[in-house]
Amino acid sequence: MKDVSFDTLAVHQSHKNKNNFTSKATPIFQTSSFSFKNLDELESYFEGESPYLYTRYGNPNTDELGSAVAALEGADSGVASSSGMSAILAGVLAVAKNGDHIVACDDLYGGTYHLLDAELKNFGIDVTFVSFANEQEIRDAIRENTKLLYTESITNPFLRAENIKMLVNLAKEFNLATMVDNTFATPYVLQPYLDGVDLVVHSATKYLGGHSDVSAGVIVGSEQLIQSARQKVISLGANLSPFEAWLTCRGIKTLALRMERQNKNAQFIADQLNQSTHIEKVYYPKKVSEKGNGAVVTIELSSNCNVHTFFASLGWIKIVPSLGGVETSVSYPSGTSHRNLPSEAQVKLGINARVVRISIGIENQTEILDQLLSAIKTSLR
Ligand SMILES: *Cc1c(COP(=O)(O)O)cnc(C)c1O
C-alpha cells in the first residue's frame, strides 16, 4: 500500500489475504466476518456459492470440526457449537417444538437432566424420564405427541451400555426420532449413527478435545436434520469460537491413540480393582465393542475406607469434576454431577457418598493402579 498515512497503513497492512500459503496445519480463521470484493461476490454468498459471511453463521474452523466428527461417526453432516449443552439443545429443538413430548433415560448427565426437565418446559416441550434398561417402561411412556427418544450410549456414573438396536427398532415402530449422547464412548468405541440413530451429540470438552482446554459441542446426523440444528446454533448464538474449534480438531488427530491407550488402561484398572477387598463394587461395562469399553471406571469404596482421606491421598491424580483428559482424574458424583438430584433419585440410581468416578488417562497403568491402591490403603480406618 502506497500513498496512505501511517494511521491507515497500521490498520490495513496486516490484512492482506494470506490464504494462498500452503500451511500443513489448518490456519485459525480468527475472524468475526468475511469480506467481499464486489456486490456480485456478496450476492454469490446468498446463492450458496461462497461459503462464508459471518462467523456465527459459519467459519472454516468450526466447519472443519463438524465435518471431522461426522466423518468419524459415519454421518452425513455435523455442526459444532459452544458446548455439549448447546449441541444437545440445538439437536432437541431440531426435532421437537412447542406441544411435543420426549421420552428420556432417567440416568443422564446432570446438566442434560436439568435442561430437559426444567428448561424445555419453558419451550412447551414435555419430558418423561424412565429407565432405558427396560423396553416396556419406554413403551408405556410413549404418547401421541412423542417425537424423540433420548439417551446416552454409556451412562454416567454407572456406565451401563445402552441397547441402541432396541431403541432404534422402537423408534421405527412409533415413527420417532432418536438422539444419543456419545460423549463417554466416543466414535472410537461406538458409532450409534451407523446403527440407525438419527442424531449423535458430543460434549467435545471431554475425549474429542482430550486435553481439558476447550468447551465445545458437536452434533451429527443427516444433512436435513443437521441443517435444522445448524439454524438453531445460529439463532441461539451458540456458535463455537474458531480457536476452540481449532484446538478440538487438533485433539481429534490423536483420538484413536488416546482411546486405545485409555481403554486398555481402564480395563486393567477395573480388573485389578475388582480384586481389592476394600472396594465394594467396580462398575465397568463389558463388550461395548471390540475396540474397548471406554475409559471411565466407577468404584464404590467399602465402608472401612474414609472417603475424605481417600480423595486427599491421591498424589498426582487430581480431583476434577469432569473427564476425558489425558491425565487420570477422579470425580465425586454425590458431591458434584449428581449433587442436585433429589436423594431418592440418587438412591434409585445407586449413588451414595462412597461412589468415586475415575477418568483413566494415558499414564503408565501400573503407576495409576499403585496411586489408587495407595490412597485406598491410607484411607483405611
Ligand atoms: C460434560 C457432558 C455434557 C455437557 O457438556 P459441556 O461441554 O460441559 O456443555 C453432556 N453430556 C455428557 C455425557 C457429558 O459428560
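Values quoted throughout were computed directly from the atomic coordinates according to the rules given, and no laboratory measurement underlies them. All of these numbers come straight from a predicted model, not from anything done at the bench. Cβ atoms come from the backbone with ideal geometry, glycine included; neighbour counts cover every protein chain shown.
Here are the numbers for the structure shown:
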{"quantity": "Residue among 332, 113, 54 with the largest mean-square fluctuation in a Gaussian network model of the chain, springs linking Cα atoms under 10 Å", "calculated": "54"}
{"quantity": "For residue 181, distant residues with modelled amide H under 5 Å away", "calculated": "151, 152, 153, 201"}
{"quantity": "Calculated FRET efficiency for the pair residue 76/residue 286, C-beta based, R₀ 35 Å, to 0.05", "calculated": "0.65"}
{"quantity": "Amide hydrogen neighbours beyond the local backbone of residue 328, cut-off 5 Å, H modeled", "calculated": "361, 362, 363"}
{"quantity": "Interatomic Cα distance distribution for the chain, bins of 20 angstrom, percent", "calculated": "27, 52, 18, 3, 0"}
{"quantity": "Most mobile of 111, 315, 196 in a GNM of the chain (Cα contacts under 10 Å)", "calculated": "315"}
{"quantity": "Segment 79-103 residues near the modelled residue 236 label - backbone nitrogen below 15 Å, point 7 Å along Cα→Cβ", "calculated": "79-98"}
{"quantity": "Two-decimal ratio, segment 267-379, of alpha-carbon radius of gyration to 2.2 N^0.38 Å", "calculated": "1.02"}
{"quantity": "Karplus-derived HN-Hα couplings along segment 124-131 (A = 6.51, B = -1.76, C = 1.60, θ = phi - 60°), whole Hz, x at Gly and Pro", "calculated": "x, 10, 9, 10, 10, 9, 9, 6"}
{"quantity": "Over 25 Å between alpha carbons, listed pairs 121/147; 172/281; 286/377; 264/318; 318/377; 147/286", "calculated": "172/281; 286/377; 147/286"}
{"quantity": "Residue-by-residue Karplus 3J(HN,Hα) for segment 36-50, coefficients 6.51, -1.76, 1.60, Hz, glycine and proline x", "calculated": "10, 6, 7, 5, 5, 5, 4, 4, 5, 4, 6, 8, x, 8, 10"}
